[in-house]
Amino acid sequence: MSGAPRYRFAPSPTGSFHVGGARTALYNWALAHRDGGTFVLRIEDTDEVRNRPEWTDGIIDALAWIGISVDDPTFEGPHFQSASAAEHVRVADELFSKGHAYYCDLTAEQLRERATMSGRQGYDGCSRDRGLGPAPGRVLRFRVPDGETVVNDLVRGEVRFDNADIEDFVLVRGDGSPMFLLANAVDDMATNISHVVRAEEHLSNAPKQQLLWEALGRPAPAWAHVPVLVNEKRQKLSKRRDKVALEQYRVDGYLPEAMVNYLMTLGWAPGGDTEIVPWSEIEQSFRLEDVNHAPAFFDEKKLAAFNGEYIRALPVGEFVARCEPWLPEGWDRSRFAAIAPHIQSRVVTLTEAAPMVDFMFLEGPVIDEASWDKVMRSELALPILERSLAAYEGVDWTSEALKGALDQIGQTLGVKLGKAQAPVRVAVTGRTIGPPLFESMELLGRDETLRRLKLAQDRADG
Ligand code: GLU
């Protein structure tokens, strides 16, 4: 192999962009970027039935979100497979004219009969020596040579295939349209791809594609087939069953850097004692040879833990900025910025921030009835509310003073601060859990706090 490496990512635009695709893209990106190579994006859009142009935009947006940008000098494309149809046909003709492929006119029905009669599955090569030329309805098949095909896979090592187990596969259908296998390999050749890093499900295509490269006198690329992602039941992740759309994680408040870091650890570990590692380091240490063969568990809980950790590490101003898309219109941004430091360590996703502090922005808190019942049933609830109201009329309006006053009330009534806080928290925030209470009250201000305490007192009294 000569020159700088050329990697490629070749998604089919047939659905929302899958987290598994994102991981494959990142593997290619890390290698191309680090080694001064190129990352080629090829959209495999030849399936006219399942293909939709908006999915292509979705792929490009999703890639940009995880840091793979069309504006980066490493990036090439997108190329569209549908634009190379003439090249696919040209290569098919070349394979035919060099004797590496032949036409067959047997119908599917006839082939089934032959298989039943011989008791052997698969195509038996019956038209290999019939010397048929092209004609409508005839498929072009590759003449698989005798011997063995050894796929040198960077993840799996040597994978050996006995050519006797590979049937003479179809390159071009009876209607003249190229098969996926041919189009995919021809596009890789046309763009001088040196490394094919892709999902494990394509490993069975690799020997066939390698045979095509060899038949055309080209050295095959380096292969790497990366393990599938599975859910907690060890089932392959599926669109119908699992949350697999990358976009959904974006909407649900995941940080792209957490997602990227987590995806890279599926089947690979950065070394050292933590898996939380910035991209710059990942890029330096990632090696296909270190990728595990076993299926990788896509653990949403672990992803959430990564996300929480990334959120906590943000400078607070940055945290505020990242929350912005989820903040309702009309909320006072400076008030949000003031409460933000108190919730940053408590949220796992950005979507959780606004609901956690909504009581700061609403006319009054929306009382959660379960919280109310739990806390206000205590016979101490009313005395605590009454005494806090009285104490908070005159106290210095600082979180320390508010805390000190409530602590005192608790002591007089024989309860710890934690217990004494509960009715005040439900009165002021509507819930039993939330950001630190005294800081919240300090920001909310005396008038509004007292108003809410009074409302709660009236209700508890009534
Ligand atoms: N278009 C194929 C897919 O999305 C990729 C094939 C390849 O990477 O070679 O599964």
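The values are calculated or read from the model by the stated rules, or taken from the named source; none is laboratory data. Keep in mind the model is a prediction, meaning the values are calculated, not measured. With ideal geometry, Cβ positions are generated from the backbone for all residues, glycine too; neighbour counts draw on all protein chains shown. Note: areas computed on protein heavy atoms with side chains; ligands, DNA, RNA excluded. Shrake-Rupley method; radii C 1.70, N 1.55, O 1.52, S 1.80 Å.
Values computed for the structure shown
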quantity	calculated
Y254 vs. criteria touching a helix residue (DSSP H, G or I) at 6+ places or on another chain (Cβ under 9 Å), aromatic (F, W, Y), away from the ligand (no atom under 16 Å from the Cβ) and in a helix (DSSP H, G or I)	no
The listed residue being modelled with pLDDT of 95 or more and closer than 21 Å to R156 by Cα, out of Q248, Q209	Q209
Residue pairs meeting the criteria (Cβ under 6 Å; at least 6 apart or on separate chains; first closer than 13 Å to F359 by Cβ, in region 433-462; second of a type in the set (K, R))	L437/R425
Filtered residue count, region 179-205, keeping only those that are polar (S, T, N, Q), open to solvent by 10 Å² or more (accessible area, probe 1.4 Å) and either within 30 Å of R138 (Cβ to Cβ) or modelled with pLDDT under 95 (or both)	3
Residue ranges of strands (runs of 3 or more DSSP E) in region 148-218 with at least 1 members more than 16 Å from the ligand (Cβ to nearest atom)	148-153, 157-162, 170-172
Per-region count, region 34-59, residues more than 14 Å from the ligand (Cβ to nearest atom) and crowded, with 16+ Cβ neighbours inside 10 Å	3
Single residue of A62, A22 found to be within 13 Å of the ligand (Cβ to nearest atom) and touching a helix residue (DSSP H, G or I) at 6+ places or on another chain (Cβ under 7 Å)	A22
Wholly enclosed helices (runs of 4 or more DSSP H) of region 365-462 bearing at least 1 residues in contact with a Phe, Trp or Tyr (Cβ under 9 Å, 6 or more places away or on another chain) and of a type outside the set (G, A, S)	399-413, 417-429, 437-444, 446-461
So R156, is it farther than 21 Å from M179 by Cβ and either open to solvent by less than 70 Å² (accessible area, probe 1.4 Å) or touching a helix residue (DSSP H, G or I) at 6+ places or on another chain (Cβ under 6 Å) (or both)	yes
Single condition R128 does not satisfy, out of (1) in a loop (DSSP other than H, G, I, E, B); (2) within 13 Å of the ligand (Cβ to nearest atom)	(2)
Residue check, P11 of a type outside the set (A, V, I, L, M, F, W, C) and within 11 Å of the ligand (Cβ to nearest atom)	yes
